Amino acid sequence: MCGIAGIVGSSRYEERDVKKMINIISYRGPDEQGTIHLGNVKLGHARLAVVDPENGTQPMSNHDDTVWVVFNGEIYNHLEIRTKLIQKGYKFKSRCDTEVLVHLWREKGIDMLHDLIGMFSFCIWDKNLNKGILVRDRQGIKPCYITKLKTGGFAFASEIKSILTLDGLNVEIDDEGLNLFHTFNHTPPPKTCYKNISHLMPGTY
């Protein structure tokens with residue numbers, strides 16, 4: 001299953017805040033949890049080790065630690081993508097489908113999304129370019145929630161409860177979202193039961 005979380009563009013929060021976000025959803029990834037501090041970006045991951053249990057630790061980087069990713073899901077065509085990237089000279093240190101993402105970003109940038117077949121939510125951060133991407137698969141199979149932070153930037157996570165661990169959010173119930181839940185036993189996206197916390201919609205980045 002796995003779980004991801006992160007804070008982008010806010011100097012108020014530290015890596016320990018992302019550790020709290022990941023710890024509360026550690027059941028999504030009981031094998032290991034990890035975080036990384038990349039300046040104004042902090043990423044976290046809770047891992048359920050399926051592919052390459054020994055070498056698939058996340059957050060995962062490329063060979064020179066300039067591109068980092070946290071990933072939840074599966075890239076069905078990762079072997080095909082890997083083969084093409086190896087032919088272009090990219091070096092792999094694992095057999096994980098996760099690793100194709102950092103190299104494919106370096107090769108194609110945002111156009112990498114056209115190559116991916118699978119179910120996923122992931123965040124990539126490129127230290128050299130000082131930019132990245134947060135993505136959710138086209139069908140919305142893998143969850144991703146997002147909130148804008150009053151101090152600037154945004155936070156994201158696989159579950160709302162991760163976002164709620166952050167201090168200073170001033171969380172309020174969204175009455176309309178709650179009423180929708182009571183009516184349909186679910187709140188239609190992008191709304192949630194909380195103001196200012198929404199789904200990252202399927203097929204968006």
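Largest first and in whole Å, the equivalent-ellipsoid semi-axes of region 96-205 read 29, 18, 10, each the square root of five times a Cα gyration tensor eigenvalue. What part of the accessible area of the chain, given as a whole %, is carbon or sulfur when the probe is 1.4 angstrom? Whole-percent figure for carbon plus sulfur exposure: 51.
For region 35-160, the Kirkwood radius over C-alpha pairs fed into Stokes-Einstein at 10 °C and 1.306 mPa s yields D = 106 µm² per second. Among V70, V171, V102, the largest mean-square fluctuation in a Gaussian network model of the chain, built with springs joining Cα atoms closer than 10 Å, belongs to V171. With a cut-off of 15 Å between beta carbons, the residues surrounding N170 carry a summed charge of +1, where Lys and Arg count +1 and Asp and Glu -1. Residues of the chain were split at every exposed loop site, defined as GluC sites (Glu not before Pro) in a DSSP loop with at most 15 other C-beta atoms within 10 angstrom, and the longest piece left, sites excluded, is 55-171.
Annotation: extensible slack from R138 through K195 equals 18.1 nm (criterion: 0.36 nm per residue apart, minus Cα-Cα distance). Relative contact order for region 1-120: 23 percent, from Cα pairs under 8 Å spaced at least 6 residues apart, divided by residue count. Accessible area per residue for region 1-155 is 46 Å², calculated with a 1.4 Å probe on protein heavy atoms, without ligands, DNA or RNA. Summing +1 for each Lys or Arg and -1 for each Asp or Glu among the other residues whose beta-carbon sits under 10 angstrom from that of F120 gives 0. With r defined as the distance between the Cβ atoms of Y205 and F184 and R0 fixed at 30 Å, what FRET efficiency is calculated, to the nearest 0.05? Step by step, r from the Cβ atoms, then E = 0.65. Distance between the pseudo-spin-label points of I173 and N23 (7 Å out from Cα toward the beta carbon): 2.8 nm. Trypsin sites (Lys or Arg not before Pro), restricted to region 1-90: which are DSSP loop and have at most 12 other Cβ atoms within 10 Å? Filter output for region 1-90: K88. Net length available on complete extension from T83 to H37 is 13.5 nm, with 0.36 nm assigned per residue and the Cα-Cα distance removed.
Between Y76 and S11, the contour length at 0.36 nm per residue exceeds the Cα-Cα span by 19.8 nm. Pairs spanning more than 22 Å between alpha-carbon atoms, out of K20/K191; K42/K91; K150/K191; K20/K42; K88/K142; K148/K191: K20/K191; K42/K91; K88/K142.
The values are calculated or read from the model by the stated rules, or taken from the named source; none is laboratory data. Since the model is a prediction, treat every value here as computed from it, not as a measurement. Please note: Cβ atoms are built from the backbone with ideal geometry, for glycine as well, and neighbour counts cover all protein chains shown. Just the protein is used for accessible areas: all its heavy atoms, side chains included, with ligands, DNA and RNA removed. Shrake-Rupley method; radii C 1.70, N 1.55, O 1.52, S 1.80 Å.
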